[in-house]
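Derivation of every value follows stated rules applied to the coordinates shown; laboratory data play no part. Every value quoted in this text rests on a predicted model; they were computed, and no experiment measured them. Note: ideal-geometry Cβ built from the backbone for every residue, glycine included; neighbour counts use all protein chains shown.
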Amino acid sequence: MNEFIRPNLTPPNGQKKVLLHSCCAPCSGEVMEAMLASGVDYTIFFYNPNIHPLKEYLLRKDENVRFAEKHGVPFVDADYDKDNWFARAKGMEWEPERGARCTMCFNMRFERTALYAHEHDFPVMTSSLGISRWKNMAQINDCGHRAAGRYDGLSYWDFNWRKGGGSQRMIEISKREEFYQQEYCGCVYSLRDTNQHRRDQGRPPVVIGTQFYRSNEDPDST
């Protein structure tokens, strides 16, 4: 990985205790290392009932646990209440990526994150979701602020984790750690649409559990 001197990060209101909602190890790797470098006391909150099937969910979670343990970061393994997610997604099965179904999904995950933060005295919450260039950062931040706004004394940290080369370091960390490389956003509908796109291009469908970042790859190839 290229030499990089990290700036000192300061969470909202000068707080040092943060609850980090993590969606997966590749997206959270840079966020985790950035906060560690700034001495931020944070805990990972893994709540992602949108990820299907179960095999994919466990692959993503286990990679995140492995990286958290490597750095001695507390990890909260929240419920995999997929039935509730499907109930909330009903009627939105054909919504496009970044549409109403994604807003619902972010709302659901952040509402649970905010509740845990409130119940366990975290003054700040944030998420690794926005570091991905495939996501709408404004959509994510709106959901995060809305969820945190339910509780007095809780702030959502909408730091732009992509800036200053964050997205590139996310890839570099993933290749250094050889993380599992998921090939779709996470839900069954994104898997359906990804496979349809692949069929249209004459490519084979996604095979879960086969793709991993490799340290000898060109950093610009992903």
What number results when the radius of gyration of the stretch 152-199, computed over Cα atoms, is divided by 2.2 N^0.38 Å? 1.65
For the chain, how many pairs of lysine residues have a Cα-Cα distance under 28 Å, where the two are 8 or more positions apart or belong to different chains? 28
Ordered by number, the chymotrypsin sites (Phe, Trp or Tyr not before Pro) in the stretch 53-121 that occupy a DSSP loop and have at most 10 other Cβ atoms within 10 Å are TRP94
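Where in the stretch 63-125 are there trypsin sites (Lys or Arg not before Pro) that are in a DSSP coil and have at most 14 other Cβ atoms within 10 angstrom of their Cβ?
Working: sites: ARG66, LYS70, LYS82, ARG88, LYS90, ARG98, ARG101, ARG109, ARG112; in loops: LYS90, ARG98.
Here the trypsin sites (Lys or Arg not before Pro) that fit, given the DSSP loop and packing criteria, are LYS90, ARG98.
Are there GluC sites (Glu not before Pro) in the stretch 151-180 that DSSP puts in a loop and that have at most 14 other Cβ atoms within 10 Å, and which ones? List each step's numbers first, then the result.
Numbers: sites: GLU172, GLU177, GLU178; in loops: GLU178.
Qualifying residues, ordered by number: GLU178.
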In whole angstrom, how far apart do the alpha carbon centroids of the stretch 120-149 and the stretch 75-103 sit? 16
